[in-house]
Every structure is written in structure tokens, then in C-alpha cells.
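Structure first, then comments.
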Amino acid sequence: MAKTTGAQVLAEMLHGYDVSHVFMVPAVLRRTLAEMERRTKIARIQTHGEKAAAYMADGYARASRRPGVCMAQVVGALNLAAGLRDAWLAHSPVLAFTGGRDPKTKFRKVYQEVDDVPGFETVTKWNATVDAVERIPDMIRQAFRAAVSGTPGPVHLQFRGNEGQIDQEEADMEALCEPQFARIPPFRPEPDVASMRAALVLLQQAQRPVIVAGGGVRASEARQELVSLAEKLKIPVATSLNGKDSIPGAHPLSAGVVGTYSRESANRVVAAADLVLFVGTEAGGMTTHFWTVPKPGVAAMQIDIDAETLGRNYPLKVAINGDAKVALARMLGEADGSGAARREPWLATVRGLCEEYAAKYRELLASDTVPLRPERICSELTRHTPDDAIVVVDTGHAGMWMGGMYDTRANQDYLRSAGHLGWAFPAGLGAKCACPDRPVVTFTGDAGLWYHIAEIETAVRWRINAVTVVNNNASGNQSKRGFDRAYGGTQTEQARELWTFNPMNFARLAEDMGAMGLRVEKAAEFAPALKRALSADRPAVIDVVTDIEALAPLAVAG
Ligand SMILES: Cc1ncc(C[n+]2csc(CCOP(=O)(O)OP(=O)(O)O)c2C)c(N)n1
């Protein structure tokens, strides 16, 4: 083994693990960043804030299924930790590297230092310190292994020195990498055959079964197997918001997103089912409308890679522990579709519920009103977003509008904020870094864009040509209903200061920052604007002026 610096070995290992970008606010691991330039082609994206860097790494990870790397020196460490919250909730493999405490200066009130490690505890699968330079290789290997194995998630490594100066030290080290852990899933554990057969028997017997598919379907790349099993057995599919791209929106068996940010038809279908098969979903609060859809007590089965998830929220008739793709493929191979015709009446009911939803919103989805209705933006996006796009969506109203009213296509990925307003814009930039050849279309409200608007400059600087569509109603109007309630029904004029903003022309702002800015004030202008934005040779912001009174429909109980 040859003597090398920590920086050399770290740069070479990140390259060996197929990392193409790191996202950071300097100064952290400076020598490593210099070695990356000398030894690798890794792009070092300097952002305007650590939270945005974490969100970019998260978007990169979700889009590419490869760990995303973000970094901060000691003073920015907890800003970075805040940015891991969404990755933690969404099970996204993000590696966070920070500079941290040096035993030589600990407890002496050294500049900028607090003990950051506990702050990462609640948002990481593995949270560790690198205290000796010769530990860098094994700690990096473990970081990748932990991030991608089982249910994926973020990890944190704190490198000794406020800026991680441990990387300047030398030791006998080898940049040994394990490519198996450079992407998800590293393993595909096969469930026991008996549990899969038991599930098939119940599925085949059920009168009104439904599948609820979650983000685990994307993680396991199990879409094809899921849809084929549903088709063979004639079982409708609802999805969680995180699993929205498990089945194309226009597929005849697709009922839509179930839960709180949902489509009415999906909640009605899941509520009417006599058997629910959860696949790669935790059956958490948002997916089940806080455990009301399906109703407690429904016959349930679940497939998950994490044994502890099985049965957490709904007691199970059958628990299947293993990889979703393997489980669904096995079940497909053994499924007997001969009795599936018995479920025609159920499928007719499902189609009726889907048609009821479509009829209820048809007018708004086609609305020409000025200012625009968000429903119309969703239908324009459904029609004009390219087949191979990565669609990235913020939370709040953005999550409600798009979750309910956008239809994904077979080759699109749909990535959504797991709850943090402002996530989508930087996450979309990270997704574009990971997949430069695919169109990235981000949908956010103005409330969300404001969070990290400075990153328009980052996108321009690095030519990260994502397209960002802004539902601009000069407010965070999802909060309107809540403040109506807080004021006993009718808000005072002053109450609006709690959720409205000054009007802003984001198109002009984007242009001033070097991006393409397109302002859309009429519905007919949207499709041409999207076309121009998608073919631009710079990042683009489509600023759509929408109705502040437009409130997304609330979830139905079933
Ligand atoms: C980090 C964070 N803080 C606060 C919230 C709570 N929140 C949810 S929606 C919202 C206002 C934004 O409303 P929305 O209607 O989505 O924005 P618009 O589309 O009107 O821009 C707020 C503050 C959140 N989800 N995330």
C-alpha cells in the first residue's frame, strides 16, 4: 500500500463509486475538492446555502438511484442536517459530509463550533465521525453500504477539523470501492415462497382487491412487474404520492394517488376494497389519509424490504419480506388469471369512480380563465411534458394539485417533496445534474420558489437546464383555509399578511439572473412556453400567474 493523503483517497473513492457531482457550500474538504479536479471529472457545485445543497443531492439521488453527496463545514453543518429531513422521510440515499470537532480544540469555545453530531441523529441511518485519516476508506465504504442497503436513507460523516482538514494528512491507504453499493438496490432478497403463494391465493379469491403502490416500487424498479400482475389478475392500482409513477396515470387500472394529497377516485376505490395489497409503502399518514383509507380492519397484505414496516399500520393477513421486483415477478409467474373475469363488476365500479372524478374536474382542467386555474396547468403538463421527463414537485398546494391532477406516463419519473416547502426547485436541479439527457420539469408554488431562489444563479453558472414552472399566486394560499378556521370563519384584512406576499414577476427575475424567464398569463400561452423552455440552452423559469382564490380539493374519506 502506498502513502496517500486522505484527500486523494476520498476523491478517488467518490469517483470509484460513480459520483458525478458534489453539492456544497465551502469551505469543507478543500484538499479533496482540489484532488477531485486533478484526478476526476466530478463537478463541484457551489450553492448558496447548505439546505439547497442537501436538496440537490437528494434530487440527484432520487433521479439516478445513486447516492447524492453534499458537504458543509462545521458552521453550516446543521443547515445541511435540516436539508436531510426530506431525504430521510423519502428514503433517499444522501451522503452528508461535514467538518467537525478536533480533539485539540474541543471544549475551548473554538470559533463557530457546536457539537453537530447529535443534530444528524434523527435524519440519518448512520451517523459517524472520521477521527483518523486511515479510517477514510472503510468509513466511506460503510457510508455507501448504509445509504443504499435495505430501505435507503441518508448518512452523515463528520471529518475531523472544522473544515475537515483531516483530508490533508497521510497514511497507507487504498481507494478500494464496492460498485455494488454505488446504486440501489444492492441486494434483491427473495421472500419466502409460502408467503407469496398465500398472498396470491387471497388476491385471486378477493372480490374487490386493490394494490397500493409506494416509493419502494421505484426503488426496486418494479413498475413493469407491478403493472403486469395487476393486469393479469385484473386488480386496480392506487399509489402513494411517492409511488405515483408506479403505473401510468392513463392506465385503465390506475385509480390515482390515495391518501391526503390525493385523487378522489383513489380514496373511493381503496375505501371500497375488500383486500389491500401494500407494495413498497409504509402505509403512513399521508398515504392512508391518517389511517382512514383503507378503513382499519380491512384485510391487508404487504410487501416490503424492511421487516419492521410490515404490519406497522394495518394488521396483515400476509407479510412478504423482500425485494418488491423479485416478489412481484414470482407472483406474476405463478398467478392464475383464469378467475380474474369474476372481478369485472369491481372493475366497472372502479372505472365509474374514475369517470366521476374526471367529470367533476373536466371543466376546471380545461379552464381558460384569467388569472389561470392551477388545474389547467396540471392538464397542460399532462399533455405536454415529454415521455422521458423527470417531474419534480414541491409540497403544499403543488403537491395537492399535481398529486391529484397530473397523469404520469410510462417512462416518466415523478419525484415529490416529502413535506418540506421549497424542496422541489433545488431537487430539480440535482435531478438534472444526475440525468442531463432527460428533461426535468419542476412544479412549485411561489411560496416554494422563494426559499431557494438564489439557486437560479447556481443553475445558470453550471448550465443546469431544468425547467421550473411556478404556480404564482403571490401567496402561500394553501394556508388560507387554516387561517379562515383560526379566525372563526372569516379572516380580517390584516390576517392576509400571514400568508400573502408581494406580487413578483419571476420571469423577469430569472432573466436578470441569466436564466430564461417566460411569463404566462393566459392558458393558451402555457404549451408554447413549455416547448421553448424545454429547448432552451439555459435554465428556464415559467412564471404562471394564477388565481389566489384557487384552493385544491380536500381529500375525501372514501
Ligand atoms: C419547511 C416548511 N415550512 C412550512 C411548511 C408549511 N406550509 C405548507 S404549505 C405552506 C404555504 C405554501 O402554500 P402553497 O399554497 O403551497 O404555496 P403557493 O402554491 O400558493 O405558492 C406552508 C407554509 C412546510 N410544508 N414546509
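If only one of 376, 416, 409 is more than 16 Å from the ligand (Cβ to nearest atom) and charged (D, E, K, R), which one is it?
409
Would you mind telling me which numbered condition in (1) open to solvent by less than 40 Å² (accessible area, probe 1.4 Å); (2) over 14 Å from residue 466 (Cβ atoms) residue 509 fails?
Here residue 509 clears every test but (1).
Looking at (1) among the aliphatic types (A, V, I, L, M); (2) in contact with a Gly (Cβ under 8 Å, 6 or more places away or on another chain); (3) at pLDDT below 95, which is the only condition residue 341 fails?
(2)
Could you check the stretch 446-463 and list, in sequence order, the residues that are among the hydrophobic types (A, V, I, L, M, F, W, C), within 16 Å of the ligand (Cβ to nearest atom) and in contact with a Pro (Cβ under 9 Å, 6 or more places away or on another chain)? Full working, then the answer.
Here is the first cut: in the stretch 446-463, the ones among the hydrophobic types (A, V, I, L, M, F, W, C) are 447, 449-450, 453-454, 456, 459-460, 462.
When the remaining residues are screened for being within 16 Å of the ligand (Cβ to nearest atom), the result is 447, 449-450, 453.
Listed by number, the list is empty, since nothing qualifies.
So, in the stretch 158-198, exactly how many residues are β-branched (Val, Ile, Thr) and either part of a loop (DSSP other than H, G, I, E, B) or within 22 Å of residue 329 (Cα to Cα) (or both)?
Total satisfying the criteria: 2.
Looking only at the stretch 22-39, decide whether some residue is of a type outside the set (Val, Ile, Thr), under 13 Å from residue 94 (Cα atoms), in a helix (DSSP H, G or I) and touching a Pro at 6+ places or on another chain (Cβ under 9 Å).
Checked against the condition, which is being of a type outside the set (Val, Ile, Thr), under 13 Å from residue 94 (Cα atoms), in a helix (DSSP H, G or I) and touching a Pro at 6+ places or on another chain (Cβ under 9 Å), the stretch 22-39 yields no hits at all.
Which count do you get for residues in the stretch 386-399 that are of a type in the set (A, V, I, L, M) and within 8 Å of the ligand (Cβ to nearest atom)?
Filtering the stretch 386-399 for residues of a type in the set (A, V, I, L, M) gives 389-393, 398.
Those left that are additionally within 8 Å of the ligand (Cβ to nearest atom): 398.
Qualifying residue count, the stretch 386-399: 1.
Looking at (1) open to solvent by 40 Å² or more (accessible area, probe 1.4 Å); (2) part of a helix (DSSP H, G or I); (3) in contact with a strand residue (DSSP E or B) (Cβ under 7 Å, 6 or more places away or on another chain), which one does residue 438 not meet, given that it meets all the others?
Looking at each condition in turn, residue 438 falls short on (2).
Return only the number of the condition from (1) farther than 28 Å from residue 54 by Cα; (2) within 10 Å of the ligand (Cβ to nearest atom) that residue 421 does not satisfy.
(1)
Given (1) open to solvent by 30 Å² or more (accessible area, probe 1.4 Å); (2) more than 30 Å from residue 44 (Cβ to Cβ); (3) hydrophobic (A, V, I, L, M, F, W, C), identify the lone condition not met by residue 462.
It fails just one condition, (2).
For residue 235, work out the one condition from (1) within 30 Å of residue 30 (Cβ to Cβ); (2) in contact with a Pro (Cβ under 6 Å, 6 or more places away or on another chain) it doesn't fulfil.
(1)
The values are calculated or read from the model by the stated rules, or taken from the named source; none is laboratory data. Computed from a predicted model, the values in this text were never measured in an experiment. Reconstructed Cβ throughout: ideal geometry from the backbone, glycine too, with neighbour counts over all protein chains shown. These area figures cover heavy atoms from the full protein model, side chains too; ligands, DNA and RNA do not enter into them. Shrake-Rupley method; radii C 1.70, N 1.55, O 1.52, S 1.80 Å.
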